[in-house]
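First the structure, in the form of structure tokens, and then the observations on it.
The values are calculated or read from the model by the stated rules, or taken from the named source; none is laboratory data. The model shown is predicted, which means the values in this text are computed figures rather than measured ones. Don't worry about glycine lacking a Cβ; one is built from the backbone with ideal geometry, like all the others, and counts go over all protein chains shown. To get the accessible areas, we keep the full protein, side chains included, count just its heavy atoms, and leave off ligands, DNA and RNA. Shrake-Rupley method; radii C 1.70, N 1.55, O 1.52, S 1.80 Å.
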Amino acid sequence: MAGRNEQGFTLIELLIVVAIISIIAAIAVPGLLRARMTGNETSAIASLKVVTSSQVAYSASCGQNGYATTFVILGTAAPGTTEGFISKDLGSVAAPQKSGYNFTLGNGAGAGAGPNDCNGTATTTAYYSTAVPQTFGTTGARSFATNAGNTIWQVSAAAAPTEPFGAPAVPIQ
């Protein structure tokens, strides 16, 4: 039995490989989480841009110069059409969640009652919409808000910028 040749890995060799893989994972995972958080923030900004353009279209064509007070109203089609003013991912529920963010839409500061829209729904003279991370620091590190001024404001906090907008919030360039 002196010529017997055993093949395979020793326990030490396997532990070294596992340790190397663990070190590589420890280095890579934080970068992946930051990339995911940045993607969530970019999605939130894009969604608020959609809110502003949807509100402008709604106001001009159906709202009789008033703004929608909920996402569901923006998601409702005008008479004679089949599509709402905003996509279903935002316009199907009152408080949508998308890409790690919670969205809200309501009356803006100093808002008054507006005329009824083309569907007979009440409108408002100003709106305020927010995007806040579901888990601050994990799904996003910035909160966002916009209003009838159509500028998106950001703040590095777990709460959205409040109206009237100003420091510490800054507009997105």
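Just to be sure I understand the model, the point goes 7 Å from the Cα along the line to the Cβ. What's the resulting Asn65 to Thr81 distance in nm?
Distance between label points: 2.0 nm.
Would you tally the net charge around Thr138, using a Cβ to Cβ cut-off of less than 15 Å, leaving Thr138 out, and scoring K and R as +1, D and E as -1? Could you put the intermediate results ahead of the total?
Numbers: positive: Arg34, Arg36, Arg142; negative: Glu41.
With Lys, Arg at +1 and Asp, Glu at -1, the net is +2.
Contour minus end-to-end for Ala57 and Thr42, with contour as 0.36 nm per residue of separation and end-to-end as the Cα-Cα distance? Write out the running numbers ahead of the final one.
Working: separation 15, 0.36 × 15 = 5.40 nm, distance 2.27 nm.
Fully extending the segment from Ala57 to Thr42 adds 3.1 nm.
With N residues in segment 95-140, what two-decimal value do you get for its Cα radius of gyration over 2.2 N^0.38 Å?
This ratio for segment 95-140 stands at 1.51.
As an exercise, use a Förster radius of 35 Å and the Cβ-Cβ distance of Ala157 and Cys118 to find the FRET efficiency, rounded to the nearest 0.05. Show your work: numbers first, answer last.
Values: r = 38 Å, r/R0 = 1.09.
So the FRET efficiency works out to roughly 0.40.
Leaving out ligands and nucleic acids, and using a 1.4 Å probe, what accessible area per residue does the chain come to in Å²?
Values: 9830 Å² over 173 residues.
So the chain comes to 57 Å² accessible per residue, rounded to a whole number.
Distance between Cα centroids, segment 150-173 to segment 113-129: provide it in whole Å.
24 Å
Taking 0.36 nm per intervening residue step and subtracting the Cα-Cα distance, what contour gain separates Thr135 from Ala28 on full extension? Working shown, then result.
On the way: separation 107, 0.36 × 107 = 38.52 nm, distance 2.12 nm.
Using 0.36 nm per residue and subtracting the Cα-Cα distance, I get 36.4 nm.
Nearest 10 degrees, 0 to 90: what angle lies between the long axis of helix 11-61 and the longest principal axis of the chain (Cα atoms)?
Taking the Cα atoms of the chain, the angle to 11-61 is about 10 degrees.
Tell me, what % of the accessible area of the chain is carbon and sulfur with a 1.4 angstrom probe?
Numbers: 6020 of 9830 Å².
C and S atoms contribute 61 percent here.
Largest first and in whole Å, what are the equivalent-ellipsoid semi-axes of segment 1-99 based on the Cα gyration tensor, each being the root of 5 times an eigenvalue? Before the final figure, lay out each step's value.
On the way: eigenvalues 707, 43, 15 Å².
After scaling each eigenvalue by five and taking roots: 59, 15, 9 Å.
Per residue, how big is the convex hull of the chain when only Cα atoms are used? Give it in Å³. Can you show the working numbers first?
On the way: hull volume 27.2 nm³, N = 173.
Dividing the Cα hull volume of the chain by its residues yields 157 Å³.
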